[in-house]
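Data first, discussion second: the structure below is written as structure tokens.
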Amino acid sequence: MSILTKFQMRICIRMSSKIVFLDMDGVITNFSKRAAELMGIPESEWTKSDKNFWKKMRKSEEAGEFWPKLEIYPEAFFILDFLRDNNIEWYILTSPSLSPHAYFGKAQWLKNMFGFHFNNIIITKHKHFCAAPDRILIDDTYSKIEDFEKAGGIGILYPRRWNKNKDIKNGHEYVLQELDKHVRV
Ligand SMILES: [Mg+2]
């Protein structure tokens, strides 16, 4: 075995000791675009606090229309490639809406995207139960990051216009830098 191969293997083993949890909506999927479409308003005007939206969303979920039309952020592929190229174990960790249809809709979307056998899916609002010192959560909701860190995990807040990292340009590059830093420790 060459020195280079041994070196590469060591990197590989070290990288795989961390587990990454990827949030779905706002990190890999463009939830705000889908939500704004549903409301018939520009994406920049959509806000989570709109109660009418959640009523309308529930109807759309029940009709089986909401989740299939969700789009992936093109930049999400940079993160997915990083995880694959560095042999990092990763899971989707996503919070459902109140509708039971959300569990099916999310699972179906993920299987359409990653294949029928993709099973690294955790659907729960209680993301902090997955926290541990060698576990990283990438999420766009600050309270989720806070709870995960309080429970002993590592959080990376994906920069979006609705969170405190909103001024960071090229959010995926920031996330990749942070991820790289943490998986190399
Ligand atoms: Mg999210």
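Long hydrophobic helices in the chain: the complete DSSP H runs spanning 15 Å or more by Cα along their own axis with mean Kyte-Doolittle hydropathy of at least 0.0 are 3-15. Evaluated at q = 0.15 Å⁻¹, the base-10 log of the normalised Debye intensity for region 37-146, with identical point scatterers placed on the Cα atoms, takes the values -0.81. Put simply, the amide H of TYR73, placed in the peptide plane, has neighbours under 5 Å in THR29, ASN30, leaving out anything fewer than 5 places away on its chain. Restricting the count to DSSP beta bridges whose residues both fall in the chain, what percent are antiparallel, rounded to a multiple of 5? Once the DSSP bridges in the chain are tallied, antiparallel ones form about 5 percent. ASN112 sits among other residues whose Cβ lies under 13 Å from its own Cβ, and their net charge, with Lys and Arg +1 and Asp and Glu -1, is +2. Each Lys and Arg Cβ is given +1 and each Asp and Glu Cβ -1; about its Cα centre, the chain then shows a dipole of about 280 debye. The eigenvalues of the Cα gyration tensor, multiplied by 5 and square-rooted, give the chain an equivalent ellipsoid with semi-axes of 31, 18, 15 Å from largest to smallest. Note on region 13-73: Kirkwood radius taken over Cα pairs, Stokes-Einstein applied at 37 °C and 0.692 mPa s, translational D equal to 251 µm² s⁻¹.
Summing Lys and Arg as +1 and Asp and Glu as -1 over all other residues whose Cβ lies under 11 Å from the Cβ of GLU75 gives a net charge of -2.
If you take all other residues with their beta carbon under 11 Å from the beta carbon of ILE19, and give Lys and Arg +1 and Asp and Glu -1, the sum is 0.
Each of VAL20, LEU38, ASN170 was placed along the dipole of the chain (beta-carbon charges, centred on the mean Cα), and the one lying farthest toward the positive end is VAL20. Ranked by the mean number of other Cβ atoms within 10 Å of their residues, highest first, the peptides 86-93, 46-53, 151-158, 107-114 come out as 151-158, 86-93, 107-114, 46-53.
Read-outs: derived from the displayed coordinates by stated rules, not from any lab. Bear in mind the structure is a predicted one, so any value in this text is a computation, not a measurement. For neighbour counting, all protein chains shown are included, and Cβ atoms are generated from backbone atoms with ideal geometry for every residue, glycine included.
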